[in-house]
Amino acid sequence: MNRTLTFHTFFFIFCLVIMRMSGLISKIAMARYITPYEYGLITLITISLPSMFQYITNFCLHDLLSHSKEGKNYFGFAVFYSFITSLIVALFLFMLHEPFFKFLNLPLDIWKILFIAFFIAMFPLGILADTTGLLRGLKKYTLTSAIASLPSVIKLLLVIFAIYLFHITDFITILFIFASSSLIALIIIIIRYHNLFFSFLNSFNLPSKQIFFFGTSVFIVSLFGGLNQIISKVVISHDLGITLQGYFDVSLTLIALLSFSFAAMRFISIPEATGAEKKEEILFKRGELGDVVRGLFALLIFCVILLYFYAPLFIKLLFGNEYIKAADYIMILAIGSVFSFVQQFVAYINISLHKAKEYRNMIIATLICLLFSPILTHIFIEFMGFMGAYISSTLLLIIYTLSTMLSSKDFTPLFALSHRIDKLILSSAVIFFLLYIFHILSIYFIYGISLSLLIFVFLLFLFGYIDKNLIFGIFERAEVHDK
């Protein structure tokens with residue numbers, strides 16, 4: 001590895017953009033040539049259900065393998081576990097296909113075709129997650145990013161070839177195109193990197209109690225935000241109806257704009273922290289983890305400011321005027337995302353740098369907050385209506401963040417994240433004021449966003465929150481390869 005951490009972080013964000021754009025374009029292209037019912041079948045069978053069962057077929061193994069010192073020792077066990085659990089899930093659904101398909105309102109007359117497509121889509125996911133976890137733990141960040149985006153790119157290429165070159169638009173073909181992209185990606189990876197893949201596959205070690213608790217802890221902490229959102233949607237659907245649940249889902253979709261900072265922070269935090277001899281060398285040394293994460297935090301704050309001014313325009317552009325109600329309270333969720341970023345970073349570093357007994361209370365706090373999530377959401381909806389769902393979601397994130405702080409014995413990650421925070425506050429205040437006074441008319445809002453970003457980055461340099469070397473580091477090579 002001869003590139004800086006800054007380069008790897010920006011490359012990961014680039015690959016993440018490619019992955020999501022490829023997935024979105026693939027769905028749009030497919031939706032134009034099949035019925036909404038067929039679209040729903042394909043996305044459920046090849047995307048939603050396999051992703052749901054991946055919590056079983058991979059569990060915490062991706063995070064466990066991301067441990068830079070010990071993770072690689074358990075790759076053989078991880079692949080074996082993913083292989084066996086995938087077969088067990090498939091066998092379970094094969095034997096109980098009738099009640100399962102009836103519960104989901106899936107057509108039983110073509111259950112064999114749907115089952116085969118589901119298995120093809122599900123089987124590679126666990127092993128792919130094991131592979132990216134291993135590479136992430138080895139700090140092969142560029143390769144990990146490229147591999148993570150490969151299935152989506154393959155899917156898009158297959159859709160383009162099938163629909164636009166060969167004019168194949170029948171349901172079965174598109175179903176198997178969507179189902180096979182991950183399997184094709186896994187085959188390509190094994191063929192291209194077989195030496196690396198099989199060299200670590202040969203070692204079959206059961207995870208120790210400590211490393212297993214590490215992986216499980218990271219897994220649980222990383223699940224909180226998503227599970228809290230799902231719980232909120234279920235409660236809204238029950239208390240207020242499907243329509244308002246749809247508005248809330250649109251709000252969450254727009255909040256996903258902030259996820260690039262979250263994903264990049266998580267991507268580098270675990271390997272960098274578990275590979276460090278001293279926490280100070282990664283949290284306060286120029287160009288290392290602390291600098292990069294502060295840059296990602298600044299990007300998050302900038303996106304929150306953009307949502308304040310442009311949320312209605314984004315929703316009109318992406319979903320149409322009928323969904324504009326989703327913009328009413330979106331800033332409440334945006335504020336919650338700021339607390340969530342802080343909580344996640346502090347939690348990841350504490351889990352990575354300390355022994356299990358020193359962060360066990362943090363995991364207990366996570367589970368308690370999840371248990372109170374539906375109760376809190378229901379209470380706030382009863383008293384405040386639709387807005388209550390937004391407030392309860394953000395309030396729970398604030399409580400969760402404070403619980404993490406109180407249960408953490410080491411506040412160094414928090415000090416690192418808040419380093420020179422006054423410079424960020426000043427830069428954010430200036431850009432907020434400029435947008436408030438001069439923000440460009442709706443038809444020019446793309447130019448407004450671009451100009452605002454340039455001014456914001458300039459201010460961060462000018463006030464000294466970001467060292468110019470952090471940006472220049474994208475084009476430089478790292479001086480030290482192994483820490």
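Summary table
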read-out: Number of the exception - Thr243 against (1) surrounded by fewer than 20 Cβ atoms within 10 Å (Cβ to Cβ); (2) not in a helix (DSSP H, G or I); value: (2)
read-out: Checking Phe123 against (1) within 19 Å of Phe198 (Cα to Cα); (2) in a helix (DSSP H, G or I); (3) within 20 Å of the chain's Cα centre (by Cα), the condition it does not meet; value: (3)
read-out: Checking Thr169 against (1) part of a helix (DSSP H, G or I); (2) within 30 Å of Phe115 (Cα to Cα), the condition it does not meet; value: (1)
read-out: Any chance Leu135 is within 18 Å of the chain's Cα centre (by Cα) and either of a type outside the set (Lys, Arg) or part of a helix (DSSP H, G or I) (or both); value: yes
read-out: Filter result for Phe59 (among the aromatic types (Phe, Trp, Tyr), closer than 29 Å to Pro207 by Cβ, modelled with pLDDT under 90 and assigned to a loop (DSSP other than H, G, I, E, B)); value: yes
read-out: Index of the failed condition, Asn105 passing every other in (1) over 22 Å from the mean Cα position of the chain (by Cα); (2) not in a loop (DSSP other than H, G, I, E, B); value: (2)
read-out: Test: residue in segment 344-364 that is in a helix (DSSP H, G or I), in contact (Cβ under 8 Å) with a residue 60 or more places away in the chain and farther than 21 Å from Gly225 by Cα; value: yes
read-out: Breaking point among (1) surrounded by fewer than 19 Cβ atoms within 10 Å (Cβ to Cβ); (2) more than 13 Å from Leu417 (Cβ to Cβ), for Ala326; value: (1)
read-out: Hits in segment 126-182 (condition: among the basic types (Lys, Arg) and out of contact with any helix residue (DSSP H, G or I) (no Cβ under 8 Å at 6 or more places or on another chain)); value: Lys140
read-out: Those residues of segment 440-483 which are farther than 22 Å from Ser418 by Cβ, among the polar types (S, T, N, Q) and at pLDDT 60 or above, in sequence order; value: Ser450, Ser452
read-out: Residue count for segment 380-431, restricted to those that are touching an Asp or Glu at 6+ places or on another chain (Cβ under 6 Å) and either at pLDDT 85 or above or not assigned by TED's automatic domain parsing to the domain that holds Val342 (or both); value: 1
read-out: Unmet criterion (only one of (1) more than 19 Å from Ile113 (Cβ to Cβ); (2) out of contact with any Pro (no Cβ under 8 Å at 6 or more places or on another chain); (3) buried (at least 22 other Cβ atoms within 10 Å of the Cβ)) for Phe59; value: (3)
read-out: Residues being surrounded by fewer than 22 Cβ atoms within 10 Å (Cβ to Cβ) and closer than 19 Å to Gly40 by Cα - total across segment 169-201; value: 7
read-out: Residue that is buried (at least 16 other Cβ atoms within 10 Å of the Cβ) and more than 21 Å from Ser251 (Cβ to Cβ), where the choices are Thr366, Thr394; value: Thr366
read-out: Among (1) farther than 24 Å from Ala264 by Cα; (2) surrounded by fewer than 21 Cβ atoms within 10 Å (Cβ to Cβ); (3) at pLDDT below 85 - the single one Ile315 does not satisfy; value: (2)
read-out: Exclusive hit being under 25 Å from Leu367 (Cα atoms) and modelled with pLDDT under 90, set Phe197, Phe219; value: Phe219
read-out: Hits in segment 198-227 (condition: part of a helix (DSSP H, G or I) and polar (S, T, N, Q)); value: Ser199, Gln210, Thr216, Ser217, Ser222
read-out: Conditions (1) surrounded by fewer than 18 Cβ atoms within 10 Å (Cβ to Cβ); (2) at pLDDT 85 or above; (3) more than 16 Å from the chain's Cα centre (by Cα): number failed by Val17; value: (3)
read-out: Count of segment 284-303 residues which are buried (at least 24 other Cβ atoms within 10 Å of the Cβ), among the hydrophobic types (A, V, I, L, M, F, W, C) and over 19 Å from the mean Cα position of the chain (by Cα); value: 0
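Let's see how each residue does on (1) modelled with pLDDT of 80 or more; (2) in the same structural domain as Leu376 (by TED's automatic domain parsing); (3) touching a strand residue (DSSP E or B) at 6+ places or on another chain (Cβ under 6 Å); (4) not in a loop (DSSP other than H, G, I, E, B):
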| site | (1), (2), (3), (4) |
| --- | --- |
| Lys233 | no, yes, no, yes |
| Tyr247 | no, yes, no, yes |
| Thr253 | no, yes, no, yes |
| Ala273 | yes, yes, no, yes |
| Glu277 | no, yes, no, no |
| Glu280 | no, yes, no, yes |
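The values are calculated or read from the model by the stated rules, or taken from the named source; none is laboratory data. Values in this document were obtained by computation on a predicted structure and should not be read as measured data. When we count neighbours, we look across all protein chains shown, and the Cβ atoms used for this are built from the backbone with ideal geometry, even at glycine.
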